[in-house]
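Beneath this line is the structure, given in structure tokens, with notes to follow.
The values are calculated or read from the model by the stated rules, or taken from the named source; none is laboratory data. What you see is a predicted model; the values in this text were computed from it and never measured. All Cβ positions, glycine included, derive from the backbone under ideal geometry; neighbour counts span all protein chains shown. Please note that ligands, DNA and RNA were not included when accessible areas were found on the heavy atoms of the full protein model with its side chains. Shrake-Rupley method; radii C 1.70, N 1.55, O 1.52, S 1.80 Å.
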Amino acid sequence: MTILSQGEDSLNQFKKNITNADSLAAEIIAFSNGQGGRLFLGVDDDGTVIGLSKEDIQRINQLLSNTASQYVLPAVNPTTIIT
């Protein structure tokens, strides 16, 4: 939880949820153009864990896969970790 308590920075971004491929692509591209990074989903801007439903996780994994391969050029292969 240390990362969450330190807040967002150029390597760690928090999102309550994500539904838009364009905004997800922008985050992926920003990380790709820098030193990489981590996108924490189910987390409020202040670092509070909101959580995601099982359905949200499945939907977001599909959105991430599609976005990384179709909206980002060259395509990237992000790694997901569910905790």
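Just one of the listed residues (K54, K16) is open to solvent by 100 Å² or more (accessible area, probe 1.4 Å), among the basic types (K, R) and under 14 Å from the mean Cα position of the chain (by Cα), and it is K16. Quick one: which residue in K54, K15 is touching a strand residue (DSSP E or B) at 6+ places or on another chain (Cβ under 6 Å) and among the charged types (D, E, K, R)? On inspection, the qualifying residue turns out to be K15. The condition of being modelled with pLDDT of 95 or more and surrounded by fewer than 13 Cβ atoms within 10 Å (Cβ to Cβ) holds for only one of D46, D22, that being D22. Does I29 fit the bill of being of a type in the set (V, I, T), open to solvent by 50 Å² or more (accessible area, probe 1.4 Å) and within 12 Å of the chain's Cα centre (by Cα)? Considered against the rule, which asks whether it is of a type in the set (V, I, T), open to solvent by 50 Å² or more (accessible area, probe 1.4 Å) and within 12 Å of the chain's Cα centre (by Cα), I29 comes out as yes. Residues in the stretch 57-79 that are open to solvent by 60 Å² or more (accessible area, probe 1.4 Å) and either closer than 16 Å to K16 by Cα or part of a helix (DSSP H, G or I) (or both): Q58, R59, Q62, S65, S69, Q70. Within the stretch 1-51, can you find the residues that are of a type in the set (S, T, N, Q), more than 15 Å from L64 (Cα to Cα) and part of a loop (DSSP other than H, G, I, E, B)? Within the stretch 1-51, S10, Q35, T48 meet the criteria.
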